Amino acid sequence: MRYVAAYLLAALSGNDKPASKDLKKILESVGIEADDTRMNKVISELAGKNVEEVIATGYGKLASVPAGGAVAVASSAAAGSGGAAAPAAAAAEKEEEKKDESEGSDDDMGFGLFD
């Protein structure tokens, strides 16, 4: 991921075709030792491609990835029960909020940030 980030930083700075020396310079500026094999793999995969188009394609692929099952389960339960699940879900949500509020006081365990 660091090599992709360095490539994107180089591309955003106006360098249309970042080379390994460009990526090394970026990575070394933040104290990261560059692995030539991985860095060259990123460069070869992105060579000749427009970074904005690659990002747009990635967004399209991410849109098709399912994100969590709770929403789908809750919506299918509400549809299947004719809406009777909505009050039960609201009650469960209130109960969860109360639970979270009571646990909140123990979060710092007696240690303050500036003590």
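Screening Lys21 on (1) modelled with pLDDT under 90; (2) part of a helix (DSSP H, G or I) shows it passes everything except condition (1).
The residues of the range 32-56 that are outside any loop (DSSP other than H, G, I, E, B), open to solvent by 70 Å² or more (accessible area, probe 1.4 Å) and within 14 Å of Leu8 (Cβ to Cβ), listed by number, are Glu45, Glu52, Glu53, Ile55. Taking every residue in the range 12-27 that is touching a residue at least 40 places away in the same chain (Cβ under 8 Å) and under 17 Å from Asn50 (Cβ atoms) and pairing it with any residue that is open to solvent by less than 50 Å² (accessible area, probe 1.4 Å) and not in a helix (DSSP H, G or I), at least 6 positions away or on another chain, yields no pair with a Cβ-Cβ distance below 8 Å.
The values are calculated or read from the model by the stated rules, or taken from the named source; none is laboratory data. Keep in mind that this is a model prediction, so the values were computed, not measured. Here Cβ is always computed from backbone atoms with ideal geometry, including for glycine, and neighbour counts include all displayed protein chains. These area figures cover heavy atoms from the full protein model, side chains too; ligands, DNA and RNA do not enter into them. Shrake-Rupley method; radii C 1.70, N 1.55, O 1.52, S 1.80 Å.
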